[in-house]
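Since the structure comes first, as structure tokens, the remarks are kept for the end.
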Number of protein chains: 2
Amino acid sequence: MDEGGNEAFAAQDETLRDAAFSDGAVRRPITLADVAREARVGESTVSRVLRSHGSFSEKTRARVEAAVSRLGYVPNRIAGTLASTGSRLIGIVIPSLTNIVFPDLLRGATAALEQEGFQSVIAVTDYDQDREEAVVGSLLSWRPAGLIVTGLEHNPGTRRRLVASGVRVAELLDTDGPGLDIVVGYSNRAAGEASARHLAGRGYRRIGYIGHDLSKDKRAAKRYAGFRDGLNQAGLALAGEERVASPSSVEAGRHGLEALLARVPDLDAAYFSNDDMALGGYFHCLAHGLPVPGRLALFGYNGLDVGRLMPQPLATIRTPRVEAGATAARLLCTGAPGTVVDLGFELIEGATA
Amino acid sequence: MDEGGNEAFAAQDETLRDAAFSDGAVRRPITLADVAREARVGESTVSRVLRSHGSFSEKTRARVEAAVSRLGYVPNRIAGTLASTGSRLIGIVIPSLTNIVFPDLLRGATAALEQEGFQSVIAVTDYDQDREEAVVGSLLSWRPAGLIVTGLEHNPGTRRRLVASGVRVAELLDTDGPGLDIVVGYSNRAAGEASARHLAGRGYRRIGYIGHDLSKDKRAAKRYAGFRDGLNQAGLALAGEERVASPSSVEAGRHGLEALLARVPDLDAAYFSNDDMALGGYFHCLAHGLPVPGRLALFGYNGLDVGRLMPQPLATIRTPRVEAGATAARLLCTGAPGTVVDLGFELIEGATA
DNA sequence: GTCCGGATTGGCAGCGCTGCCAAATCTTGC
DNA sequence: GCAAGATTTGGCAGCGCTGCCAATCCGGAC
């Protein structure tokens, strides 16, 4: 059923656009020199006033501002950046926009950057290290003041470019390994271990893992490794696992749990690579009348809002993603080189385990 | 319970960074002139080779590329943009990063833009038209080749800036009204109406609305208006409504439905301002043992994946958000002025209504 | 009235690249 | 072998702004 779907191309009302040209003049973009002429001051004076930098009289300020608004002048930051030393751009490289955790990170970072007067340029890698190398190169060509990247694992080429460029780099959402400069995040390994300890401590013994493609998502792989270690420390082993060959999603979680239960029917707990997956698992249990956590316990990762609002709140680990973005942004602007900030995580007991 | 949360600041291994300076030379950034000297050709020749623009011999190409890789040259797009006429930047203005629909839009747009060789700069307005005006000004100072904004409603100041700048503008996710230039989306009014027709057609008579703050979210307000019209056309009126004074969320949906049912206990269907809200409503029903749709039917908007995977698939309207982003991006690069594309929407019957 | 120091202002050389044009080099046909 | 044309190449003037420096102005001290 497809409604409202008529492909319609039509010329729009041009009144507004015409109005912009109503003076009949040729639309040469307005430059700082135009403003200077209009205000009868020098170019550098206009520049000083607009940036509130250096000294100028109140009278001059008023004249310049009047000229600016009369002409509708918009400064050209391209030219400004080229002329001055550093840009006010920060590049942000994230693996995906499909999972809400990365928009969360962006949200924290852009809000903090805006406060400091920076603009963010984003690029998405689709969890592909070769694409990461390419987008890092592309971002560096804008001569950013800093770069925020996700994770600690990068191609040799990416590392070389980052280091050679000399720009500040912040690596996010992982502290399990050495970083290039600033590192802000939490230990994914420890999160996996904590999850295992929690489930083992609750008395679950037949624990399975449902995950997505771990070859590209290094942080999920670290949680998985930590989880197995945690089970071993408790004298347990994974009772079974299912890796869905796709990015994480509610669907992958639902089908993954179904597949795993078919192979390992006596599972008593399921650890998911994240909350989306766990929500899918929960839906499977609801749909098939499997009591949670009586018949099967569920445990996620990320602490998304949705988990808190399920009929039974999801047992999970809350990660400070927005804070990580904001912290990284601030440190890029002001922090000492080599600063590492472990923001930690919080285990939420919920009611599904 | 807070683990792994030790705030740790430590100097990182500096080996890599030092390596970059191991030649002992002062790190003056490498410019195109350096490459030209190294390759023993003119600057314009290097420029032509790097942009594959104009003609040059195979031998020259090889020489230049060897010099580039020997020196590790990264072109400076700031300078390139200033020197050439147009930039390869597109500004994207979205109201929020909290709701997955906007990352979806970004995803479509950035993917398409990358193909065309453009980079995107994003800005977030928090659904505030004054902030929109500010971020539009800020984006325009980067002299973008085009701007993607959300919705058709803007401050007079925003409209003036957009028009005066002369950049191409695409307005997204709404076709209910006149646009400035390119418009890509679907009719929110029609979506609301279709939802009402569907519920009425299914025999529901006591239909309520659960929404969020509509004063800022103009598209949700249009759906609401369309929904009321649709009910009227079917000879019905809204049996009650609940507006949660917060952005849309699962939580708002859950609490909103609870509040509405307390006031209007004989409701037989609930229309939510979007799927997140509807999911919250579904969770409320599950938690309180209300049969869906027997006791209460639920209807959402957006067609998120999660709705499809609920034990009973959510009745909703699927909107082509990723496609809208991609289409807008392509039209900005190549489309005729004033192009309006209505991508339509799809009503998904699901099992909750 | 003159001088001094600080506040204010303007001029201009770049920032690194591209676009234009003219110069140099290579082809081709006869 | 040579001219006409095509291909390849280099020089250089900006793009619009900022940073530096010198010039100018002002008020108060002498």
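The values are calculated or read from the model by the stated rules, or taken from the named source; none is laboratory data. Keep in mind it's a predicted model, so treat the numbers as computed, not measured. Using ideal geometry, Cβ is built from the backbone for each residue, glycine included, and neighbour counts are taken over all protein chains shown. Side chains are part of the model used for accessible areas, which takes the heavy atoms of the whole protein and leaves out ligands, DNA and RNA. Shrake-Rupley method; radii C 1.70, N 1.55, O 1.52, S 1.80 Å.
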* For the stretch B:257-277, what are the residues that are free of Cβ contacts under 8 Å to residues at least 40 places away in the same chain and within 14 Å of chain A (Cβ to nearest Cβ)? -> B:E258
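Here is a list: B:A200, B:A194. Which entry is of a type in the set (A, V, I, L, M) and either in contact with a Phe, Trp or Tyr (Cβ under 8 Å, 6 or more places away or on another chain) or part of a loop (DSSP other than H, G, I, E, B) (or both)?
Testing whether each residue is of a type in the set (A, V, I, L, M) and either in contact with a Phe, Trp or Tyr (Cβ under 8 Å, 6 or more places away or on another chain) or part of a loop (DSSP other than H, G, I, E, B) (or both) leaves just B:A194.
Every residue, every condition in (1) in contact (Cβ under 8 Å) with a residue 40 or more places away in the chain; (2) touching a strand residue (DSSP E or B) at 6+ places or on another chain (Cβ under 7 Å); (3) open to solvent by 10 Å² or more (accessible area, probe 1.4 Å); (4) not aromatic (F, W, Y), yes or no:
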position: A:R168; (1), (2), (3), (4): yes, yes, yes, yes
position: A:T175; (1), (2), (3), (4): yes, yes, yes, yes
position: A:R205; (1), (2), (3), (4): yes, no, yes, yes
position: A:A220; (1), (2), (3), (4): yes, yes, no, yes
position: A:G230; (1), (2), (3), (4): no, no, no, yes
position: A:G235; (1), (2), (3), (4): no, no, yes, yes
* Checking A:D130 against (1) buried (at least 18 other Cβ atoms within 10 Å of the Cβ); (2) under 25 Å from B:A112 (Cα atoms), which single condition isn't satisfied? -> (1)
* To do: Restricting attention to the stretch A:24-42, report how many residues are within 9 Å of DNA strand C (Cβ to nearest atom) and open to solvent by 60 Å² or more (accessible area, probe 1.4 Å).
  => 1
* Structure fact -> By residue number, the members of the stretch B:135-154 that are part of a helix (DSSP H, G or I) and touching a helix residue (DSSP H, G or I) at 6+ places or on another chain (Cβ under 9 Å) are B:V135, B:V136, B:G137, B:S138, B:L140
* State whether one or more residues within the stretch B:187-199 are touching a Leu at 6+ places or on another chain (Cβ under 6 Å), open to solvent by less than 20 Å² (accessible area, probe 1.4 Å) and more than 10 Å from every other protein chain (Cβ to nearest Cβ). => yes
* Condition broken by B:T334, with the remaining ones in (1) among the β-branched types (V, I, T); (2) modelled with pLDDT under 95; (3) crowded, with 23+ Cβ neighbours inside 10 Å satisfied -> (3)
* Asked: Got at least one residue in the stretch B:109-126 being in contact with a Ser or Thr (Cβ under 7 Å, 6 or more places away or on another chain), more than 16 Å from DNA strand D (Cβ to nearest atom) and open to solvent by 50 Å² or more (accessible area, probe 1.4 Å)?
  -> yes
* Selected residue (only one of A:M310, A:M277 is touching a His at 6+ places or on another chain (Cβ under 8 Å) and either open to solvent by less than 10 Å² (accessible area, probe 1.4 Å) or assigned by TED's automatic domain parsing to the domain that holds A:F118 (or both)) -> A:M277
* Asked: Looking only at residues in the stretch A:43-56 that are open to solvent by less than 70 Å² (accessible area, probe 1.4 Å) and at pLDDT below 95, which one is nearest to DNA strand D (Cβ to nearest atom)?
  -> A:G54
* Asked: Does any residue in the stretch B:73-101 that is within 18 Å of B:G146 (Cα to Cα) and free of Cβ contacts under 8 Å to residues at least 40 places away in the same chain come within less than 9 Å, Cβ to Cβ, of a residue that is within 8 Å of DNA strand C (Cβ to nearest atom) and of a type in the set (A, V, I, L, M, F, W, C) six or more places away or on a different chain, and which pairs are these?
  -> B:I78/A:A79; B:I78/A:L82; B:L82/A:A79; B:L82/A:L82
* Asked: Within the stretch B:49-65, how many residues are more than 8 Å from DNA strand C (Cβ to nearest atom), free of Cβ contacts under 8 Å to residues at least 12 places away in the same chain and part of a helix (DSSP H, G or I)?
  -> 3
* Hey, A:E349 within 12 Å of another protein chain (Cβ to nearest Cβ), closer than 27 Å to A:V169 by Cβ, in contact with a helix residue (DSSP H, G or I) (Cβ under 9 Å, 6 or more places away or on another chain) and open to solvent by 10 Å² or more (accessible area, probe 1.4 Å) or not -> no
* Quick one: count up the residues across the stretch B:64-73 that are crowded, with 18+ Cβ neighbours inside 10 Å and either of a type in the set (A, V, I, L, M) or touching a strand residue (DSSP E or B) at 6+ places or on another chain (Cβ under 7 Å) (or both). => 3
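Pull up the stretch A:203-227, narrow it to residues that are part of a loop (DSSP other than H, G, I, E, B) and not acidic (D, E), then point me to the one that is nearest to the chain's Cα centre (by Cα).
Step one: list which residues in the stretch A:203-227 are part of a loop (DSSP other than H, G, I, E, B), which gives A:203-206, A:212-217.
Going one step further and asking which of them are not acidic (D, E), we end up with A:203-206, A:212, A:214-216.
On the way: A:G203: 36, A:Y204: 34, A:R205: 35, A:R206: 34, A:H212: 19, A:L214: 19, A:S215: 20, A:K216: 16 Å.
Looking at the filtered set, the residue picked out is A:K216.
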* So which of A:V149, A:V136 is crowded, with 21+ Cβ neighbours inside 10 Å and over 21 Å from B:W142 (Cα atoms)? -> A:V149
* Structure fact -> A:R131: passes all of (1) at the interface with chain B (Cβ under 10 Å from one of its Cβ atoms); (2) closer than 30 Å to B:R159 by Cβ; (3) in a helix (DSSP H, G or I) but (2)
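One line per residue, one yes/no per condition, for (1) over 21 Å from B:G137 (Cα atoms); (2) at the interface with another protein chain (Cβ under 8 Å from one of its Cβ atoms):
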residue: A:S47; (1), (2): no, no
residue: A:K59; (1), (2): yes, no
residue: A:I90; (1), (2): no, no
residue: A:V93; (1), (2): yes, no
residue: A:A109; (1), (2): no, no
residue: A:Q115; (1), (2): no, no
residue: A:S120; (1), (2): no, yes
